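Trainee: Dropping the structure in here first, questions after.
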Amino acid sequence: MLSPSSALRFFVAREAVDFRKAHDGLCAVTRDKLGQDPMSGDVFLFFNKRRDRIKLLFWDRNGFWMYYKRLERGTFELPFEAGCIESVVEIDARQLQLLLGGIDLKRVKYRRHHRTPLRIDVRRDGRRNEEAG
């Protein structure tokens, strides 16, 4: 089970990749075409030409992980605009989960979350006094 962490960085290759490539081939694409270090600990995402398959490449201390997903129907939505000129686009863990779940990223509306600041004071008797506001 893949559970993306917000501590990781996720990079999406803009151009389609030949899916006959395995770990070494995708490492070469990461290095040569994306200009990134495949052993950096970042996660690299690759689509096939039809966008019904995705591969994620990830270095984990002593070896590479490769996650592969094939859709039975439909396609993955690209997380960038068609006119994008960069070879690689960075997304966050939340966008990756939406992408893998088939959610339309263009229609997602993120709400701002407000929270009341919590002030913690230490009373003279050493106990904590917590109050909101």
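Trainee: Give me a count of the residues in the range 3-30 that are more than 11 Å from the chain's Cα centre (by Cα) and more than 21 Å from residue 80 (Cβ to Cβ). Reasoning before the result, please.
Mentor: Here is the first cut: in the range 3-30, the residues more than 11 Å from the chain's Cα centre (by Cα) are 13-30.
Filter again for more than 21 Å from residue 80 (Cβ to Cβ), leaving 20-25, 27-28.
Of the residues in the range 3-30, 8 are more than 11 Å from the chain's Cα centre (by Cα) and more than 21 Å from residue 80 (Cβ to Cβ).
Trainee: Turning to a different aspect of this structure: Please go through the range 23-33 and pick out each residue that is surrounded by 13 or more Cβ atoms within 10 Å (Cβ to Cβ) and either more than 14 Å from residue 88 (Cα to Cα) or at pLDDT 95 or above (or both).
Mentor: Here is the first cut: in the range 23-33, the ones surrounded by 13 or more Cβ atoms within 10 Å (Cβ to Cβ) are 23, 25-27, 29-31, 33.
Result: 23, 25, 26, 27, 29, 30, 31.
Trainee: Let me ask something else about it. For the range 81-125, how many residues meet the condition of being modelled with pLDDT under 85, of a type in the set (D, E, K, R) and either surrounded by 10 or more Cβ atoms within 10 Å (Cβ to Cβ) or closer than 30 Å to residue 35 by Cβ (or both)? Give the derivation first.
Mentor: At the first step, the residues of the range 81-125 found to be modelled with pLDDT under 85 are 81-87, 102-125.
Narrowing the set further to residues that are of a type in the set (D, E, K, R) leaves 81, 86, 104, 106-107, 109, 111-112, 115, 119, 121, 123-125.
Filter once more, keeping what is either surrounded by 10 or more Cβ atoms within 10 Å (Cβ to Cβ) or closer than 30 Å to residue 35 by Cβ (or both): 81, 86, 104, 106, 119.
Qualifying residue count for the region: 5.
Trainee: Then there is this: If you check residue 61 against the conditions, is it surrounded by fewer than 18 Cβ atoms within 10 Å (Cβ to Cβ) and within 21 Å of residue 102 (Cβ to Cβ)? Steps first, answer last, please.
Mentor: Values: surrounded by fewer than 18 Cβ atoms within 10 Å (Cβ to Cβ): yes; within 21 Å of residue 102 (Cβ to Cβ): no.
No; evaluated as a whole, the condition is false for this residue.
The values are calculated or read from the model by the stated rules, or taken from the named source; none is laboratory data. Just so we're clear, the structure is a prediction, and the values are computed from it rather than from any experiment. All Cβ positions, glycine included, derive from the backbone under ideal geometry; neighbour counts span all protein chains shown.
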